[in-house]
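Report on one structure; see the data block that follows.
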Amino acid sequence: MEVEPTPPLAAEILLDARGLHKTYRGGGEELRVLRGADLQLRKGDFVALLGNSGSGKSTFLQCLGLLDHVEEGEILFGGREISRLGEGDRADLRLRSIGFVFQFHHLIPELTALENVLLPSSLAGRRDKAWALELLRLVGLEDKVARYPWQLSGGESQRVAIARALVNRPTLLLTDEATGNLDRPRAQEIVDIFAKINQNFGTTILSVTHDEGLALKYGRRLRLKDGIVGEWTGD
Amino acid sequence: MLGVGALSLTLSIFSGFYRTWSQGVADALGHVVIDTDWRTRAELRDLVTHFPRGVQRVETFWNSQGLLVGKDGGRGVLIEGRGELAAADAAPSESTPDVQLKLGAPLAEYLGVEAGGTVRLLLPGVIERAVEARISDLVRYGMYDVDSRYALVDDASFAAWASVHDPEVFARRPGDARGLRVFFDPAVIDPLDVEKVEAWRTGFRAAIQDTEWSFETTTRTWREQRKNAFGGMDLDRQLLTIVIGLLTIVAAFNVVASLVVLFTERDREMATLVGLGLSRGAFTLWTGTLGLIMGFFSSLAGIFVGWGLGRLLQMSPLGALPAKVYNVERLPLAFVWTEQLSILGFGTLCAWLAAVILGWSLARMDILRVLGHRG
């Protein structure tokens, strides 16, 4: 699949993370994971975030996705500071504006693929079955909507998780090693789906990956090293 | 469920006792008793003119201790002369009628006598002599204390007998009585409704207070006639309600224990939902709703269990009670719907509260740790 170029610099900034700090403490030791990380994402960006294992990529993404808290810095989302929001507002943003895909799909085993996709829209009180079916078609699972997670392969389950992350039409999709458990062809399929989503819906996508080959499919590549985000230079 | 069942059963047994005892006492001894010293019927009739509405029947009474002797034995009893207030004062009789009396069935059984038979009545107080009395009827008020200790003498027949056999006494007190037993019309005043009976008594006291009354009266409701028994029952009931209520709270927290097990097994799904954007409030609402549903249905089931267990107990040998101790022969049960509804509400509330507390604590879970994304 051909990847669209990223939008011009003048495009509206969707996410602006400034000087994020995060330290893990335990056993009398401190691990400074983020040391003033900055990131700007424009609407429609398609960005890969690379980095070594333990570099703090997932932590950075979880902070941006409001699944974790930063100790310092601020995160502006659509111009609004969101890092200090209360739990209710954070949950509401996660539900309506920020989609998140983990390395593991975390589907509810008792629900079919369609029901899993519909879950966030049910939580948001705007259940839209036609849209959920459209998303399942987009990820190539239109013939498996009634299947349960245990009847799906790892790649198929991950595609259901992607559809679920998109069902409330988020403006930002964060994916954390979403292809990490998949073989190469399945992983490429997933990245192609991300590209399609970015292309079709204009959804801003930030994907954490350690796979440089897959990262090449993204419009922009960044690297997290020593707690700081910088451009990936390929070395 | 079992806690609610125990509470339901306990309260229905207490209600059963309360209802049976109060019905027995009220039926036998009057809904309200007005005590005075010996008075003529005319004076007592004057008293009745001050009664608030709602009275169906008024009986005069006098009482004395006595000894009844039947063919199987004798027993010291309370002799109570009962008469119609409307009747005219007794006139000397020309014939020599039998003294008629009614006996409680257990007393008659003890004495070995039946309706239509006779017993020997020894009166040390009112009339110091022995009387051969005919049993006109056997009664059963359902209160062993009354049924086994009271002999109700027909006052008219006694007066007629006395006019012949003891004219001196008769002349001194022709048809006198020591007070009145008042019975309400159930269509106007529910006799077992303590507040309404109290209100009637208050109205009566107020009415006679405004008059220049020539003699003292005291008024007792049926409940006050067995004050100790009902007071003791109330205390027992309150204590047991508290104890079993606490057990029900513990039982409600068992509902939470079930939810904890459920949520512990499903913590990843819970964390996924929270990660997807289920807020703490919504999560708490969800667990609260689960607790409410579980609490409601388990409490409802508990009430059915209590009801079923009660019926089983009644039918089983355990349902047969020693009347000398408990005043009734069978375990009484009364399922008062307001009481059972309160238990249902209580059980449901406990489970709901417990589930809300649990939900609130669970909503604070570290979702990344639960989902395995944090070490």
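Being more than 10 Å from chain B (Cβ to nearest Cβ), touching a helix residue (DSSP H, G or I) at 6+ places or on another chain (Cβ under 6 Å) and surrounded by fewer than 23 Cβ atoms within 10 Å (Cβ to Cβ) is a condition met by at least one residue of segment A:124-132. Residue under question is residue A:84, and the condition is that it be within 30 Å of residue B:281 (Cα to Cα), surrounded by 20 or more Cβ atoms within 10 Å (Cβ to Cβ) and basic (Lys, Arg); does it hold? In short, no. Determine, yes or no, whether residue B:69 is surrounded by 19 or more Cβ atoms within 10 Å (Cβ to Cβ), aliphatic (A, V, I, L, M) and at pLDDT 85 or above. So residue B:69 does not fit the description; no. Find the residue count for segment B:347-375, including only residues that are within 22 Å of residue B:305 (Cα to Cα) and either surrounded by fewer than 19 Cβ atoms within 10 Å (Cβ to Cβ) or within 14 Å of chain A (Cβ to nearest Cβ) (or both). The number of residues fulfilling the criteria is 1. If you go through segment A:31-56 and keep only what is within 14 Å of another protein chain (Cβ to nearest Cβ), surrounded by fewer than 15 Cβ atoms within 10 Å (Cβ to Cβ) and in a strand (DSSP E or B), you end up with just A:31. Scanning segment B:240-248 for any residue that is in a helix (DSSP H, G or I) and under 21 Å from residue A:108 (Cβ atoms) turns up nothing. The set of residues from segment B:29-56 being in a loop (DSSP other than H, G, I, E, B) and either of a type in the set (Phe, Trp, Tyr) or in contact (Cβ under 8 Å) with a residue 24 or more places away in the chain (or both) comprises B:30, B:31, B:40, B:50, B:51, B:52, B:53, B:54.
Could you please find all residues in segment A:122-174 being out of contact with any Asp or Glu (no Cβ under 8 Å at 6 or more places or on another chain) and β-branched (Val, Ile, Thr)? Across segment A:122-174, the qualifying residues are A:139, A:145, A:160, A:162, A:171.
Within segment A:176-193, residues that are within 14 Å of chain B (Cβ to nearest Cβ) reach partners that are at pLDDT 85 or above and part of a loop (DSSP other than H, G, I, E, B) with beta carbons closer than 6 Å, at six or more positions or on different chains, in the pairs A:176/A:102. Taking the criterion of being open to solvent by 70 Å² or more (accessible area, probe 1.4 Å) and modelled with pLDDT under 70, the only residue of segment B:78-88 that qualifies is B:88.
Take segment B:323-337 and flag every residue that is open to solvent by 70 Å² or more (accessible area, probe 1.4 Å) and not in a strand (DSSP E or B).
Narrowing segment B:323-337 to residues open to solvent by 70 Å² or more (accessible area, probe 1.4 Å): B:324-326, B:329-330, B:337.
Across segment B:323-337, the qualifying residues are B:324, B:325, B:326, B:329, B:337.
Mind checking which residues of segment A:57-78 are more than 12 Å from chain B (Cβ to nearest Cβ) and in contact (Cβ under 8 Å) with a residue 60 or more places away in the chain? Give the steps one after another, and end with the answer.
Kept after step one, since they are more than 12 Å from chain B (Cβ to nearest Cβ), are these residues of segment A:57-78: A:60, A:64, A:70-78.
Those that are more than 12 Å from chain B (Cβ to nearest Cβ) and in contact (Cβ under 8 Å) with a residue 60 or more places away in the chain: A:60, A:64, A:75, A:76, A:77, A:78.
Would you check which residues across segment B:1-51 are open to solvent by less than 20 Å² (accessible area, probe 1.4 Å) and among the hydroxyl-bearing types (Ser, Thr, Tyr) and list them? Correct list: B:8, B:12, B:15, B:22, B:36.
When residue A:216 is tested against (1) farther than 20 Å from residue A:20 by Cβ; (2) within 14 Å of chain B (Cβ to nearest Cβ), just one condition goes unmet, and that condition is (2). Among the residues of segment A:139-149, is there at least one that is touching a Leu at 6+ places or on another chain (Cβ under 8 Å), within 14 Å of chain B (Cβ to nearest Cβ) and closer than 25 Å to residue A:77 by Cβ? So far as segment A:139-149 goes, no, none of its residues is touching a Leu at 6+ places or on another chain (Cβ under 8 Å), within 14 Å of chain B (Cβ to nearest Cβ) and closer than 25 Å to residue A:77 by Cβ.
Being more than 27 Å from residue B:148 (Cα to Cα) and among the hydrophobic types (A, V, I, L, M, F, W, C) is the filter; apply it to segment B:48-66 and report the residue that is modelled with the lowest pLDDT.
Filtering segment B:48-66 down to residues more than 27 Å from residue B:148 (Cα to Cα) leaves B:48-55.
This time we only want the ones that are among the hydrophobic types (A, V, I, L, M, F, W, C), so: B:48, B:51, B:55.
Working: B:48: 85, B:51: 88, B:55: 88.
Taking the candidates together, the pick is B:48.
Scan the strands (runs of 3 or more DSSP E) fully inside segment A:188-235 and keep the ones with 1 or more residues being open to solvent by 30 Å² or more (accessible area, probe 1.4 Å). Outline the logic, then answer.
On the way: elements: A:204-208, A:220-225, A:228-231.
Answer list for segment A:188-235: A:220-225, A:228-231.
Looking only at segment A:102-116, filter to residues that are of a type in the set (A, V, I, L, M, F, W, C) and touching a Phe, Trp or Tyr at 6+ places or on another chain (Cβ under 9 Å); which one of those is farthest from the other protein chains (Cβ to nearest Cβ)? Even if it seems obvious, please write down each step before you answer.
Here is the first cut: in segment A:102-116, the ones of a type in the set (A, V, I, L, M, F, W, C) are A:102, A:104, A:107-108, A:111, A:113-114.
If we keep only those that are touching a Phe, Trp or Tyr at 6+ places or on another chain (Cβ under 9 Å) too, we end up with A:107, A:111, A:113.
Numbers: A:107: 8, A:111: 9, A:113: 15 Å.
Per the criteria, the residue is A:113.
With the requirement that a residue be open to solvent by 10 Å² or more (accessible area, probe 1.4 Å) and of a type outside the set (A, V, I, L, M), what does segment B:136-154 give you? Correct list: B:136, B:137, B:140, B:141, B:142, B:144, B:145, B:149, B:150, B:154.
Listed by first and then second residue, the pairs with beta-carbon distance under 6 Å, at least 6 apart or on different chains, first residue in segment A:79-98 and more than 9 Å from chain B (Cβ to nearest Cβ), second part of a loop (DSSP other than H, G, I, E, B), are A:83/A:70; A:97/A:170; A:97/A:171.
Among residues belonging to segment B:224-272 that are without any contact (Cβ under 8 Å) to a residue 40 or more places away in the chain and within 14 Å of chain A (Cβ to nearest Cβ), point out the one that is nearest to residue A:65 (Cα to Cα).
First pass over segment B:224-272, keeping only residues without any contact (Cβ under 8 Å) to a residue 40 or more places away in the chain: B:224, B:227-228, B:231-232, B:234-235, B:238-239, B:242-243, B:246, B:254, B:257-258, B:261-262, B:264-266, B:269.
Filter again for within 14 Å of chain A (Cβ to nearest Cβ), leaving B:262, B:265-266, B:269.
On the way: B:262: 28, B:265: 26, B:266: 23, B:269: 19 Å.
Among them, the one singled out is B:269.
Kindly provide the set of residues from segment B:273-294 that are open to solvent by less than 10 Å² (accessible area, probe 1.4 Å) and either modelled with pLDDT of 85 or more or within 14 Å of chain A (Cβ to nearest Cβ) (or both), ordered by number.
Here is the first cut: in segment B:273-294, the ones open to solvent by less than 10 Å² (accessible area, probe 1.4 Å) are B:277, B:283, B:287-288, B:291.
Scanning segment B:273-294 gives B:277, B:283, B:288.
Name the residues in segment B:206-230 that are in a helix (DSSP H, G or I) and open to solvent by 80 Å² or more (accessible area, probe 1.4 Å), would you? Let's see the steps before the verdict.
In the first step, residues of segment B:206-230 are kept if they are in a helix (DSSP H, G or I); the result is B:206-209, B:222-225, B:227-230.
Hits for segment B:206-230 are B:209, B:227, B:228.
A count restricted to segment A:160-169 and to residues that are in contact with a Pro (Cβ under 9 Å, 6 or more places away or on another chain) and assigned to a loop (DSSP other than H, G, I, E, B) stands at 2.
The values are calculated or read from the model by the stated rules, or taken from the named source; none is laboratory data. Predicted model only: the values in this text are computed from it and were never measured. Because the Cβ atoms are built from the backbone with ideal geometry, glycine has one as well, and the counts that use them run over all protein chains shown. Areas reflect the complete protein model, heavy atoms only, side chains present, ligands, DNA and RNA absent. Shrake-Rupley method; radii C 1.70, N 1.55, O 1.52, S 1.80 Å.
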